[in-house]
Amino acid sequence: MGNENAGLLDGPDGKARCFWHGNLPDYLHYHDHEWGRPMADDRRLFEKICLEGFQSGLSWLTILRKRENFREAFAGFDFDKVAAFTDEDVERLLGNAGIIRHRGKIVSTINNARRAREMVDEFGSLAAWFWKFEPGPDDERPEIVDLLHLRANPTTAVSVRISKELKKRGWSFVGPTTVYAFMQAMGLVNDHLEGCYCRVEVEAEREKFKRPK
């Protein structure tokens with residue numbers, strides 16, 4: 001049940017939510033407890049932008065269900081450790097059936113770990129760098145976040161800007177669509193749909209959230 005035209009779906013508890021979790025238990029938990037909650041932990045930010053790169057061409061659910069395998073394979077996404085990976089590690093990862101065995105994306109994750117280390121040295125944290133791009137209320141944010149808006153805006157001017165800046169710094173697999181999905185997931189924007197019960201919760205968390213500097 002739920003208002004399909006509004007992009008909402010009633011969960012097992014009767015609460016209206018964004019439709020995309022499909023009431024699959026693991027996806028529902030991700031929607032309720034992770035997606036859109038503001039995050040300032042560098043390791044989780046690095047993990048997410050890398051996994052969004054792996055997700056390119058696939059569904060996020062596919063990646064979510066392999067996430068623990070990815071964490072084990074990539075040293076918990078500790079970018080200091082991943083930055084030290086060698087060609088032998090690339091071959092090891094290509095033999096790991098628990099992750100997405102795509103050489104370009106594996107090599108990209110190792111490269112991005114090295115770029116992340118450089119950014120931490122320069123800015124103090126990844127969080128400080130990413131959060132400086134948080135859109136303001138008058139910066140391309142709609143008055144109402146509805147399904148029509150999200151479908152029409154898979155990228156934004158901010159995600160294009162972040163993508164360009166990351167690429168200048170040598171990052172890869174960080175196109176504007178990937179970056180916007182990262183922004184949505186890590187709480188730089190609140191894109192829970194109007195009417196989703198999580199929207200109010202996330203907005204309250206964002207109000208209390210201490211922006212890293």
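The values are calculated or read from the model by the stated rules, or taken from the named source; none is laboratory data. Since we're looking at a predicted model, the values are computed, not measured. Backbone-built Cβ (ideal geometry, glycine too); neighbour counts: all protein chains shown. We work out accessible area using only protein heavy atoms, side chains counted, and drop any ligands, DNA or RNA first. Shrake-Rupley method; radii C 1.70, N 1.55, O 1.52, S 1.80 Å.
Using the Cα atoms as the points, what is the convex hull volume per residue of segment 57-102 in Å³? Can you show the working numbers first?
Numbers: hull volume 3.5 nm³, N = 46.
Each residue corresponds to 77 Å³ of Cα convex hull volume.
Which net charge results for the neighbourhood of residue 77, defined as the other residues with beta-carbon distances under 12 angstrom from its beta-carbon, given Lys and Arg at +1 and Asp and Glu at -1? Could the numbers behind the result be given before it?
Working: positive: 43, 44, 48, 67, 71, 81; negative: 41, 42, 47, 68, 72, 78, 80.
That sum, taken over residues with Cβ under 12 Å, equals -1.
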statement: Sorting 197, 29, 111 by the position of each Cα along the dipole of the chain (Lys, Arg +1; Asp, Glu -1; all at Cβ), the one nearest the positive end of that ordering is 111
message: What does the charge count around residue 179 come to, taking other residues whose C-beta lies under 12 Å from its C-beta (Lys +1, Arg +1, Asp -1, Glu -1)?
response: +2
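Suppose every Lys and Arg Cβ carries +1 and every Asp and Glu Cβ carries -1, with no other charges. What dipole size does the chain come out with about its Cα centre, to the nearest 20 debye? Show your work: numbers first, answer last.
Values: 32 positive and 34 negative charges, 131 e Å.
Approximately 640 debye in magnitude.
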Full-extension gain in nm, residue 123 to residue 90, via 0.36 nm per residue minus C-alpha separation: 9.0 nm
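List the GluC sites (Glu not before Pro) within segment 73-175 that fall in a DSSP loop (any state other than H, G, I, E or B) and whose Cβ has at most 16 other Cβ atoms within 10 Å. The partial results should precede the final answer.
Values: sites: 88, 91, 118, 122, 140, 143, 165; in loops: 140, 143.
For GluC sites (Glu not before Pro) across segment 73-175 that sit outside H, G, I, E and B with at most 16 neighbouring Cβ atoms in 10 Å, the list reads 140, 143.
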message: If I require 20 Å or longer along the helix axis, counting alpha carbons, and a Kyte-Doolittle average no lower than -1.0, what helices from the chain are left? Use full DSSP H segments.
response: 103-123
query: Once you list every other residue whose beta carbon is under 13 Å from the beta carbon of residue 48, what net charge do they have if Lys and Arg are +1 and Asp and Glu are -1?
result: 0
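Measure off, as a whole percent, the carbon and sulfur share of the 1.4 Å-probe accessible area of the chain, all protein chains present. Write down the numbers at each step before the final one.
On the way: 5330 of 10480 Å².
For the chain, the apolar C and S fraction of the accessible surface comes to 51 percent.
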message: Taking 24 Å as the cut-off for C-alpha to C-alpha distance, list the pairs among 167/213; 105/213; 81/167; 81/132; 168/210 that go past it.
response: 105/213; 81/132; 168/210
query: For all pairs of alpha-carbon atoms in segment 54-140, what percent lies in each bin of width 5 Å, listed from the first bin to the last filled one?
result: 3, 13, 20, 20, 16, 14, 9, 3, 1, 0
